[in-house]
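The values are calculated or read from the model by the stated rules, or taken from the named source; none is laboratory data. Please read these numbers as outputs of a predicted model, since none were measured by experiment. Here the Cβ is made from the backbone with ideal geometry for all residues, glycine too, and neighbour counts use every protein chain on show.
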Amino acid sequence: MAIKEGDKVPSVTLQHMTADGPKPISTDEFFKGKRVVVVGVPGAFTPVCSTQHLPGFVQNVDAIKAKGVDTIACLSVNDAFVMDSWGKAQNAGDGIVMLADGNAEFTKAAGFEWDVSKFGMGLRSRRFAMLVEDGVVKNLLLEEGTGLDISTAENLLGKL
């Protein structure tokens, strides 16, 4: 069962790229005392994720932060090297932290897993966007299918 609004985010370790290479970061540390928007995608460099989902957040970084958001992060079941390269390709810059959930620990613990083995992609995350305040989910826009209908940057902005 997926986490819902009012739940604490799963306590797991993710990876992110630093100047010194990939580094672990606990979700407890990452979300503590901050308002964080997380956009979750099935995969870096995949079509909808690359042409619509993440670009909407890249284009709206300033508008989202103007609503009192401290950090914007993109999470996917990919490794830190892929997430770093994808962030660069998407011009995410310093506006969006690219988080790697390489072992799908966050994805499974949150109940967002999506088995796309039939497409050769293994276990991935369902598409989502959420606002987390001090580790607690305040708004969750979780997609049911393969499309991008509710978890857009524009829809999340309307909830902030």
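Points worth noting:
- In the set (1) crowded, with 20+ Cβ neighbours inside 10 Å; (2) more than 24 Å from Lys8 (Cα to Cα), the condition left unmet by Gly147 is number (1).
- Taken as a whole, the condition of being free of Cβ contacts under 8 Å to residues at least 24 places away in the same chain and acidic (Asp, Glu) does not apply to Asp134.
- Count of the stretch 8-20 residues, restricted to those that are within 22 Å of Val137 (Cα to Cα) and part of a strand (DSSP E or B), is 5.
- Scan of the stretch 137-154 for residues that are touching a strand residue (DSSP E or B) at 6+ places or on another chain (Cβ under 6 Å) and free of Cβ contacts under 8 Å to residues at least 60 places away in the same chain, ordered by number: Leu141, Ile150
- Residue count for the stretch 63-92, restricted to those that are among the polar types (S, T, N, Q) and surrounded by 22 or more Cβ atoms within 10 Å (Cβ to Cβ): 2
- Note on the stretch 21-46: residues that are assigned to a loop (DSSP other than H, G, I, E, B) and at pLDDT 95 or above total 3.
- The conditions of being among the hydrophobic types (A, V, I, L, M, F, W, C), under 24 Å from Leu148 (Cβ atoms) and touching a His at 6+ places or on another chain (Cβ under 8 Å) are not met by Val69.
- Flag for Gly95 being out of contact with any helix residue (DSSP H, G or I) (no Cβ under 7 Å at 6 or more places or on another chain), over 22 Å from Met121 (Cα atoms), surrounded by fewer than 19 Cβ atoms within 10 Å (Cβ to Cβ) and in contact (Cβ under 8 Å) with a residue 24 or more places away in the chain: no
- Test: Gly158 is modelled with pLDDT of 90 or more, part of a loop (DSSP other than H, G, I, E, B) and among the small types (Gly, Ala, Ser): no
- Filtering Phe119, Phe45, Phe31, Phe106 for residues that are crowded, with 20+ Cβ neighbours inside 10 Å, out of contact with any His (no Cβ under 9 Å at 6 or more places or on another chain), within 22 Å of Leu148 (Cα to Cα) and among the aromatic types (Phe, Trp, Tyr) leaves a single hit, Phe106.
- Strands (runs of 3 or more DSSP E) within the stretch 93-136 that include 3 or more residues of a type outside the set (Val, Ile, Thr), at pLDDT below 95 and in contact with a strand residue (DSSP E or B) (Cβ under 8 Å, 6 or more places away or on another chain): 113-115, 123-125
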